[in-house]
Amino acid sequence: MASTPARSVPFPALPEALCARFGIGALRLRAYGSDAADLDVDFGDPDLLGLEITILTTCTRADPEAPIPPEFFPCLEVSKRTEALLMLAALSSTPLVEIPLRCASAACREAMEVELSVEELRDLQRAAEEERRLAAAIGGERILFRRPTGLDQAAWRRTRYPDEASATRAIAESLVVEEFRATFRRLTAHDRAWAEGLNRVMQDSDPLVDFRMQVTCPFCGAQAGYTVNLVETVIRRLRGIQQHLAATVHRLALRYHWSEAEIFAVAPWRRERYLALLDREESR
């Protein structure tokens with residue numbers, strides 16, 4: 001039995017310097033939920049960063065086919081990783097992201113759901129990326145920062161900071177463009193409001209990382225702001241796809257006595273057709 005290739009789309013646009021550093025050409029994302037390797041993703045892993053990288057590693061291919069250095073994915077900016085995961089969710093299921101919310105009004109608290117277009121979310125990210133470096137005013141001077149990567153996140157997690165203020169300063173300083181480091185240290189010693197201003201700049205420059213939206217409750221009409229973790233939403237969807245895939249393998253193995261390898265040699269649309277036939281047979 002021969003399978004057909006999974007659907008795929010070009011990977012989100014990457015900085016030329018990053019591609020040159022790893023010798024990366026064109027990359028493509030394939031749909032999750034069609035390959036035996038998709039069952040190997042452990043969605044119970046408490047290491048969310050590691051889980052995100054595992055998912056992208058599993059579903060990203062070089063075009064033409066070539067090994068992708070494992071160090072590549074941790075070097076992606078957090079916002080780029082989030083964009084790629086959103087694209088993967090759209091490719092693997094539907095182009096809409098369903099966000100479950102609960103009305104913020106204490107008098108209402110009704111459950112509601114908001115649908116967001118992945119393409120609209122990507123438009124927000126592309127607009128923000130027009131500025132490669134982030135500029136924040138500290139002590140009346142302009143300081144340039146870069147966007148955080150997975151390597152930064154891993155380093156911050158390994159470091160023990162004496163208090164929250166020290167952590168905030170150290171994390172911010174690690175993102176300062178090198179030639180502004182000394183100026184950053186000098187200015188933040190006197191500007192007490194620097195962290196608040198920098199936080200606003202970071203939020204605006206990475207809209208998908210700390211996604212915020214205004215929603216009007218359809219039940220009581222109250223409008224409120226909500227912060228949404230888009231990555232958790234994507235992972236919830238992909239986990240559901242994996243559960244369906246595991247159930248598919250189980251049913252086909254029981255009914256047709258195929259091995260896992262034989263099941264995955266069948267095109268996904270054909271597997272769904274066999275499942276529909278089984279449903280029809282069992283409903284008689």
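Each reported figure results from applying straightforward, stated rules to the coordinates on display, with no laboratory input. None of these values were measured; they are calculated from a predicted model. In this analysis, Cβ positions are derived from the backbone assuming ideal geometry, glycine residues included, and neighbour counts consider all displayed protein chains.
How high is the relative contact order of the chain, in percent, counting Cα pairs under 8 Å that sit 6 or more residues apart?
Rounded, it is 22 percent for the chain.
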- [ ] Would you mind ranking Cys108, Cys59 so that the residue whose beta carbon has the fewest other beta carbons within 10 Å leads the list?
- [x] Cys108, Cys59
Open item on the list: Once you place label points 7 Å from the Cα toward the Cβ at Asp123 and Cys220, how far apart are they in nm?
Closed with: 3.2 nm
Task: Cα-based shape type of the range 126-205, given that a ≥ b ≥ c are square roots of the gyration tensor eigenvalues and the cut on a/c is 1.5 - done: oblate
Open item on the list: Expected output is a single nm value to one decimal: the length gained when fully extending between Glu71 and Thr183, i.e. 0.36 nm times separation in residues minus the C-alpha distance. What is it?
Closed with: 37.2 nm
TODO: Output the lone cysteines of the chain: those with no second cysteine's C-beta under 4.7 Å from their C-beta.
DONE: Cys19, Cys59, Cys75
TODO: Go through the range 24-74 and name the trypsin sites (Lys or Arg not before Pro) that are in a DSSP coil and have 14 or fewer other Cβ atoms within 10 Å of their Cβ.
DONE: none
Open item on the list: Per DSSP helix of 4 or more residues, -39500 (n - 2.57); summed, then divided by the residues of the chain. What does that give at 222 nm, rounded to the nearest 500?
Closed with: -14500 deg cm²/dmol
Open item on the list: At a threshold of 8 angstrom on Cα-Cα distance, excluding pairs fewer than six apart, so keeping six or more, what relative contact order does the range 126-205 reach in percent?
Closed with: 43 percent
Open item on the list: Debye calculation, C-alpha points only, no solvent: report log10 I(q)/I(0) for the chain at q = 0.07, 0.16 Å⁻¹, in the same order as the q values.
Closed with: -0.35, -1.33
- [ ] Work out the FRET efficiency for Ala193 and Leu277 from their Cβ-Cβ distance, taking R0 = 51 Å, and round it to the nearest 0.05.
- [x] 0.20
Task: Average silhouette area of the range 25-140, convex hull of alpha-carbon atoms, in square nanometres - done: 11.8 nm²
Open item on the list: How would Val234, Val249, Val97, Val114 line up from fewest to most surrounding beta-carbon atoms within 10 angstrom?
Closed with: Val114, Val249, Val97, Val234
Open item on the list: Suppose we keep just the alpha-carbon trace of the range 94-172; what are its Rg and Dmax in angstrom?
Closed with: 18.7, 47
Open item on the list: Quick check: the distance between the Cα centres of the range 213-284 and the range 69-111, to the nearest angstrom?
Closed with: 17 Å
- [ ] Over the range 1-107, calculate the relative contact order: mean separation of alpha carbon pairs under 8 Å at least 6 apart, over the residue count, as a percent.
- [x] 30 percent
